Amino acid sequence: MKTEFDKLELFCRVNVQSEMPHHELVSFIARSVGGVSRMNSVKSDKVDISVDDNDVFDAVKSGRGKDRWLHFRYTLEIDPMEGVSPGDYVAAIGILLTSLWSSRMDAVASCDFEEQLPRNVRRLKWARIPGIDKGAAGGTVMTDDAGVVIPATGDSVSSGPRASGG
């Protein structure tokens with residue numbers, strides 16, 4: 001019987017924005033996934049992670065725009081350990097992402113199975129755009145990746161026109 005993961009490439013790249021020195025981030029990741037670290041590598045029973053400086057890190061660009069994640073300080077390259085089930089591998093990446101977010105680090109996964117990973121609610125704020133209707137609401141709206149308009153925290157929902165996500 002085929003599973004939803006059978007046709008997917010299981011490699012995953014995660015970009016992380018952190019002020020932690022490299023060696024501290026590697027140790028943090030090892031604790032998060034229940035693994036051991038050696039130099040820039042972390043291995044657990046489910047994941048094999050290489051932690052590298054991002055070649056295109058840009059301190060300014062990493063702080064603004066919806067594509068800021070491309071310029072984060074670190075890049076994690078994650079592969080499944082031999083013999084691990086795809087579901088356990090994906091769950092381990094989900095745990096890592098949740099751990100990073102809980103520690104106030106921004107992290108974005110780029111892989112074929114992004115829809116199977118936990119949703120980064122803070123990332124929705126990156127898509128904040130000025131509201132079109134400056135009437136009664138006069139606030140800001142946000143759009144998610146599907147272009148669904150979400151009122152920003154503290155903003156009322158306007159009955160007027162709204163920005164689209166595209």
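Read-outs throughout are calculated quantities, based only on the coordinates presented, and are distinct from any laboratory measurement. Since we're looking at a predicted model, the values are computed, not measured. For neighbour counting, all protein chains shown are included, and Cβ atoms are generated from backbone atoms with ideal geometry for every residue, glycine included.
Of the residues Ile78, Ile95, which is within 21 Å of Glu114 (Cα to Cα) and in contact with a strand residue (DSSP E or B) (Cβ under 7 Å, 6 or more places away or on another chain)?
Within the list Ile78, Ile95, the selection yields Ile78.
Looking at the range 27-112, what strands (runs of 3 or more DSSP E) fall wholly within it and have at least 2 residues that are buried (at least 19 other Cβ atoms within 10 Å of the Cβ) and in contact (Cβ under 8 Å) with a residue 12 or more places away in the chain?
By residue number, 47-53, 74-80, 106-111.
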